[in-house]
Amino acid sequence: MIALMIAAAVGPLTGSVAAGCGARARQAGWSGAAGAMISVACSIWLLAAELHRPPVSGWGGYLYLDSLSCFFLFTVAAVTLLAAVGSVAYLAAEEDIGRLSAFQVRLYFIFFGLFAALMLAALETGNLGLLFVLIEASTLASAALVGLEARSSSLEAAWKYVIISSFGVTIALAGTLFLFYSASGLHLAPDLRLTWPYLFGHAPALAPESLRLAFLLAVVGYGTKVGLAPMHTWLPDAHAEAPSPASAMLSAALLNTGMYAIMRFLAITRARLGDGFPRAVLLTFGFLSIVIAVLFMIRRGNFKRLFAYSSVEHMGIIAVALGFGGVLGLYGALLQTLNHAIAKAVLFLTSGDVAVRYQTREAAGVTGLLTAVPVAGGALLLGSFAVLGSPPFGLFLSELTIVRAGFAASGATLPLLLLALLAIAFIAFARTTTGMVTGSAPVATTATATVAGGPPLSAPYRGRWTGVAAATPLVVGLVALLILGLWIPAVLDAVIRHSAAVL
């Protein structure tokens, strides 16, 4: 089992090694995709095994895996695979066009693999101190991706991301230290006072005052990584400036890793303090995030920024679901996590296809996608309705579960407020994306149309397999969202229930 855990974490590094040895975009990309496939296979094996075994622990608690870890491990590994395959097409096209040099492409794949490996490793540790170290390291690795294009705006976004995220994770470190202090009365070895299974098992003996402060600091600190308002200000800039597959990783993998850390603190806090205090904290930050995201989504501008604010909204929804609590709330939060990860990976990978073809990231400069590029246009339209929680996609089912949890936990006021905000978000988001996919193509001759001197709209990718790499993650992601909206496989249902029980 430990060998599988290590293989799952280091799998994406195959792309880093290939790029470090001088491979070009296509070769390094396919190597990274093969490593990501290994991670997905290992995560599925571990996920199935954890349904019938006790948690795996080793190296003094530094390695730890339970159902919740396996659920997030599978989610992040699946997103990594989608983004790795999408990177083959996107980076090859950018290199062919001349927007990225061969050196920049190698840097991308080196740091892409390192970024993915650090997040996967963070999900396999039971030590909250090591969790902090790995999440902070992932910040540094992903910052190189944000500033990869070396434009003034991308470099500014990278610095903003590093400064705000590092400050936030430092606050999370303070929360970790207060949690350690709250366990000072326990007769445990010093390293076990930061190992979450031991802290959870001894939660009734933790000091309540320092535990209360530890949870608040953890939500603020890791909430900065998650993009909870008002700590979200780095997120729209970073997502807008990073290469689109990297944006998919930031939105669908990094944010989930931060939320995983919050869930670990939540389980310990609820075991000692009950539901009242953590519920108030999570509902406050959750609804504030949804409100701010919806307000910014109303403005039509950079479509990648729109997708970024949608991520802020969905992280707020997950926080609200955790605040509602109960079996329905936890189940809905985890199901929302998986559905949002897949949907946002599809949208950001589609945005990369659109940006390569139209040579712009402004929504006003993109029209007629369904006519000019049917695959990208269809994926953007379907992905938009999926991420907005429309039936029959999976996010409809997860958001319905969360609303039901709200009615069960707190009466009608908060779930009705949530429904109203979701309705406004639906209108604002759909207004922009439907404008992009409908209308006339930018040039009358769609077969060979070009935009701003860029490549032909219909064929910017050289090579059959590069075109396949562009379309495959979109189709696979949309099919998965459709399946999750119509039917939750028994294995996935059991994993989510076991994960909720862990919390």
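Readers should treat all values here as calculations from the given coordinates under stated rules, not as data from a laboratory. This structure is a prediction, so every number in the text was calculated from the model and none was measured. No Cβ is skipped: glycine too gets one built from the backbone with ideal geometry, and neighbour counts run over all protein chains shown.
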Quiz item: Between the range 291-320 and the range 210-258, what is the C-alpha centre distance in whole Å?
Solution: 13 Å
Quiz prompt | Which of SER153, SER251, SER67 has the fewest Cβ neighbours within 10 Å, and the rest in rising order | solution = SER153, SER67, SER251
Quiz item: Semi-axes, largest first, in whole Å: what does sqrt of 5 times each Cα gyration tensor eigenvalue give for the range 2-502?
Solution: 36, 25, 20
Practice problem: Using a cut-off of 13 Å between beta-carbons, work out the net charge of the residues near SER31 (Lys and Arg +1, Asp and Glu -1, SER31 not included). | Solution: +3
Quiz item: Could you give the radius of gyration (one decimal) and Dmax (whole number) of the Cα atoms in the range 122-177, in Å?
Solution: 12.9, 40
Quiz prompt | Label-to-label distance, nm, for residues given as LEU419 and ILE97 (7 Å Cα→Cβ offset) | solution = 4.4 nm
Quiz item: Dividing the convex hull volume of the alpha carbon atoms of the range 231-280 by its residue count, what do you get in Å³ per residue?
Solution: 71 Å³
Quiz item: Expressed as a rounded percentage, what relative contact order does the chain have, with Cα pairs under 8 Å and six or more residues apart?
Solution: 16 percent
Self-check item: Whole-Hz ³J(HN,Hα) from phi, Karplus 6.51 cos²θ - 1.76 cosθ + 1.60, for the range 148-162, glycine and proline x
Solution: 4, 6, 6, 7, 4, 5, 6, 5, 5, 5, 5, 5, 4, 4, 4
Exercise. Output the Kirkwood hydrodynamic radius of the range 93-139, Cα pairs only, in Å rounded to one decimal.
Key: 12.1 Å
Practice problem: Before rounding to the nearest 500, sum -39500 (n - 2.57) across all DSSP H runs of length at least 4 in the chain and divide by the residue total; then give [θ] at 222 nm in deg cm²/dmol. | Solution: -25500 deg cm²/dmol
Quiz prompt | Within-10-Å neighbourhood charge of LEU369 [Cβ basis; K, R +1; D, E -1] | solution = 0
Practice problem: Would you work out which of LEU503, THR371, GLY394 lies farthest towards the positive end of the dipole of the chain? Charges go on Cβ: Lys and Arg +1, Asp and Glu -1. | Solution: THR371
Self-check item: Student exercise, the range 2-502 dipole from Lys, Arg, Asp, Glu Cβ charges, in Debye to nearest 20
Solution: 360 debye
Practice problem: Determine ³J(HN,Hα), in whole Hz, for all residues of the range 268-282 in sequence, where each value follows from phi through the Karplus function 6.51 cos²θ - 1.76 cosθ + 1.60 and θ = phi - 60°; x replaces Gly and Pro. | Solution: 5, 5, 5, 5, 9, 9, x, 8, x, 5, x, 4, 4, 5, 5
